[in-house]
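Below is one structure, written out as structure tokens; comments come after it.
The values are calculated or read from the model by the stated rules, or taken from the named source; none is laboratory data. Owing to the predicted nature of the structure, the values given are computational and were not obtained by experimental measurement. Note that we place each Cβ from the backbone using ideal geometry, even for glycine, and neighbour counts take in every protein chain shown. Please note that ligands, DNA and RNA were not included when accessible areas were found on the heavy atoms of the full protein model with its side chains. Shrake-Rupley method; radii C 1.70, N 1.55, O 1.52, S 1.80 Å.
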Amino acid sequence: MPTAPPPLTLIADALGVPEQRLRTLVLEHTAPTSDAPLFALTVEEAARRLGVGRTTMYALIASGEVGSVLIGRLRRVPVEALATYLADRSQAAAPAAAHAA
């Protein structure tokens, strides 16, 4: 009893490409990427991470509450600047909560 060729073989034949080439392409486009985590975010990305609007994020940067850097003509917000901002806000909120109690 003849066995049916694997589906990839049928697809390769239909496309007119060698099966091995098709396998290679499939693996290249389905393999997980190992992109390094971002260290500097756009202002919009930083705003999304904080859950605030773009205008509010620009105001936080302009006031110096959130640090940013210029890379060429691009403004970027280091990820650690967001962590610092949140830590500062948490420390400022803790004494206020203690006085309210």
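Would you mention how many residues in the stretch 25-49 are closer than 30 Å to Pro78 by Cα, at pLDDT 75 or above and among the acidic types (Asp, Glu)?
2
Does the stretch 59-74 hold any residues that are surrounded by fewer than 16 Cβ atoms within 10 Å (Cβ to Cβ) and either touching a strand residue (DSSP E or B) at 6+ places or on another chain (Cβ under 9 Å) or not in a loop (DSSP other than H, G, I, E, B) (or both), and which are they?
Ala59, Ala62, Ser63, Gly67, Val69, Leu70, Ile71, Leu74
Report, by residue number, each residue of the stretch 35-58 that is charged (D, E, K, R) and either touching a helix residue (DSSP H, G or I) at 6+ places or on another chain (Cβ under 6 Å) or open to solvent by 90 Å² or more (accessible area, probe 1.4 Å) (or both).
Asp35, Glu44, Arg48, Arg49, Arg54
Output the residues belonging to the stretch 75-88 that are of a type in the set (Ser, Thr, Tyr) and either in contact with a helix residue (DSSP H, G or I) (Cβ under 7 Å, 6 or more places away or on another chain) or crowded, with 17+ Cβ neighbours inside 10 Å (or both).
Tyr85
Look at Leu22 and say whether it is surrounded by 13 or more Cβ atoms within 10 Å (Cβ to Cβ), over 30 Å from Pro78 (Cβ atoms) and at pLDDT below 85.
yes
Which pairs turn up if I take residues in the stretch 62-89 that are β-branched (Val, Ile, Thr) and look for partners that are open to solvent by 60 Å² or more (accessible area, probe 1.4 Å) with beta carbon separation below 6 Å, at least 6 apart in sequence or on another chain?
From residues that are β-branched (Val, Ile, Thr), the pairs are Val79/Phe39.
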